[in-house]
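In what follows, a single structure is set out as structure tokens and then discussed.
The values are calculated or read from the model by the stated rules, or taken from the named source; none is laboratory data. Predicted model, so just to flag it, every value in this text is computed and none were measured. So basically every Cβ, Gly included, is an ideal-geometry build from the backbone, and we count neighbours across all protein chains shown. Calculation scope for accessible area: heavy atoms of the full protein, side chains included, ligands and nucleic acids excluded. Shrake-Rupley method; radii C 1.70, N 1.55, O 1.52, S 1.80 Å.
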Amino acid sequence: MSLISSSCRRIIIGLGKTGLSCVRYFSRQGLPFSVVDSRVSPPGLDVLQRDYPDVPIFTGGFKRELLLAADELIISPGVALAQPEVAEAIKAGAHAIGDVEIFCRLITDKPIIAITGSNGKSTVTSLLGKMAHLAGINAAVGGNIGVPVLDLIEQPADLYILELSSFQLETTHSLRAEAATVLNISPDHIDRYASFADYHRAKQKIYRGCKTAVYNLEDPLSAPLLPKLTHCSGFTTGEPDLAQFGLRDEHETTWLCKGLERLLDTKQLKMKSRHNYANALAALALGEAVDMPLKPMLEAISQFPGLPHRCQWVADISGVSWFNDSKATNIGATIAAIGSVGEQISGHIILLAGGDGKGADFSELQPVIREYVGHVILLGQDADLLEAALSSCVPVSRATDLHSAVRVASTVSAQGDAVLLAPACASTDMFNNFEDRGNKFIQNVHELLKNHDAGC
């Protein structure tokens, strides 16, 4: 049964993947609604018109009069609450919620693990899904990754593992997770928020009402702003205190540990680099909070290869390693990627960067650039801003597209170097999404490898 009134006037704002999941949910419940999208031809419009021809749809702008007449706005993550027409409707009394809020009102008898953070949340969410599977737990995984939460309702589950973005958390008020985490916080989506503090506040909403808060001991901004009575657990890439998760260097290797107990030799992991070890430790702390058995959790960590487009090895060509981290869409992710690759190689990194910087301050890249990067190749709409921030500490080249960027990288790299796509920017200025950007990079590198093998 729906917990939402059948008589209220509701509008789904924003179509796409999330909006369509809301359409399916309200249609199953027999509840009236309409759909509004600022785009003339939004993603999913063809599906809506084919499968739900009776649903009113208004495209090409937010119609002020329509929104002001609404009791409830179901807002897709891509639509900002500060959008003038939306903000005016809320001020006039409309209640703004999202799909996650509806999900939380409905799922009250099953535990939820909720994961957010500027970086690593998809890896941790997917790893927890693998842990649950090996532990024989019927878990449903989704949210900001994979399946929208309202579609998860159709899958019977004993545990829900949700990746949640700050955009989703803005309109979520009833999340009371069994375990929740903010993995890390670095500047991102500054074009969406009035300040970094607003972004931080949105992330912190994940902890409200949780039973166990898991946070990053190396990132004070991830610490929960909650009463001291809330149970907390922490992880670190340093040595852990008792009952905390961390790393310890012993016997010429590095171990995942809980307190003094060694759990797993990192040599057994397919995921390399300390930031992925941090992801594994966070997953262990979250799994422990919902009583997952340790053995299958460790087995999952040893088997998990990582996700595509996250420091993904692509090829070795003439002693140069090529890595795809197209998912590095913000400064924090790019810093982590540069550090991870830089620690593995004897030479320098050739960095491919650029795109939509989302208002970020690229000068924060300077320390890690100076330490590991020998050359930067820039493309995309904010290439000028990146060059202004980085040209004082590293040679910079410009490219018109990924094809030419890969060619330039092949000429300026030498044996022992690594070429790394870690853009520090969103992809939508030139590509469909970060996956499209990463796949095109891989295609160009494989073409380069093919030509090299052919002696071209």
Around Arg9 (Cβ within 11 Å, Cβ-to-Cβ, excluding Arg9; K/R +1, D/E -1) the net charge comes to -1
So the angle from the long Cα axis of helix 331-342 to the longest Cα principal axis of the chain, reported in degrees to the nearest 10, equals 30
Computed from every Cα-Cα pair in the chain, P(r) in 20 Å bins starting at 0 and rounded to whole percents is 24, 54, 22, 1
In degrees, nearest 10, the alpha-carbon axis of helix 121-134 is tilted away from the dominant principal axis of the alpha carbons of the chain by 80
In whole angstrom, the spacing between the Cα centers of segment 109-149 and segment 408-432 equals 30
Largest-first ranking of Trp322, Trp255 by accessible area, probe 1.4 Å, whole protein assembly kept, is Trp255, Trp322
Once Lys and Arg are counted +1 and Asp and Glu -1 for all other residues with Cβ under 12 Å from that of Leu307, the total becomes +2
hull vol. (C-alpha, convex hull) per residue for segment 1-115, Å³ -> 113
SASA check, Lys211, accessible area w/ 1.4 Å probe, all protein chains in place, rounded to nearest 10 Å², comes out at 130
Expected sort for 299-306, 429-436 on mean C-beta neighbours within 10 Å, highest first, is 299-306, 429-436
If each K or R counts +1 and each D or E counts -1, the residues other than Leu20 whose Cβ falls under 12 Å of its Cβ total -2
Note to self, the chain gives a 222 nm [θ] from helices alone (DSSP H runs n ≥ 4, -39500 (n - 2.57) apiece, / all residues, nearest 500) of -10000 deg cm²/dmol
Whole-Hz Karplus couplings 3J(HN,Hα) for segment 88-101, θ = phi - 60° and coefficients 6.51, -1.76, 1.60, Gly and Pro as x, run 5, 5, 5, 4, 7, x, 5, 8, 9, 9, x, 5, 5, 4
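I'd like the antiparallel share, as a percent to the nearest 5, of DSSP beta bridges with both residues in segment 147-268. Show your work: numbers first, answer last.
On the way: 10 of 20 bridges.
Of the beta bridges lying entirely in segment 147-268, close to 50 percent run antiparallel.
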Plugging the Cβ-Cβ distance of Asp436 and Ser38 into 1/(1 + (r/R0)^6) at R0 = 25 Å yields, to the nearest 0.05, a FRET efficiency of 0.65
Expressed as a percent, the accessible surface of the chain that is carbon or sulfur, using a 1.4 Å probe and the full set of protein chains, is 51
DSSP beta bridges in the chain: the antiparallel percent, rounded to 5, is 25
HN-Hα couplings for segment 287-293 via Karplus (6.51, -1.76, 1.60; θ = phi - 60°), in whole Hz with x for Gly/Pro, come out as x, 4, 5, 10, 6, 5, x
With +1 at each Lys and Arg Cβ and -1 at each Asp and Glu Cβ, the charge dipole magnitude of the chain around its Cα centre, to the nearest 20 debye, comes out at 680
Taking 441-454, 399-412 and ranking on average Cβ neighbours within 10 Å, highest first, one gets 399-412, 441-454
Helix 402-412 sits off the longest principal axis of the Cα atoms of the chain, rounded to the nearest 10 on a 0 to 90 degree scale, by 20
Sorted by chain and number, the residues with a modelled amide H under 5 Å from that of His95, at a separation of 5 or more or across chains, are Glu72, Leu73
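Let a ≥ b ≥ c be the square roots of the eigenvalues of the Cα gyration tensor of segment 304-456; is it rounded (a/c under 1.5), or, if not, prolate (a/b larger than b/c) or oblate?
It is rounded, given that a/c, with a ≥ b ≥ c, falls under 1.5.
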Probe 1.4 Å, heavy atoms of protein chains only: per residue, the accessible area of segment 298-342 in Å² is 28
Simple spin-label estimate for Asp158/Lys267, 7 Å along Cα→Cβ, in nm, reads 3.6
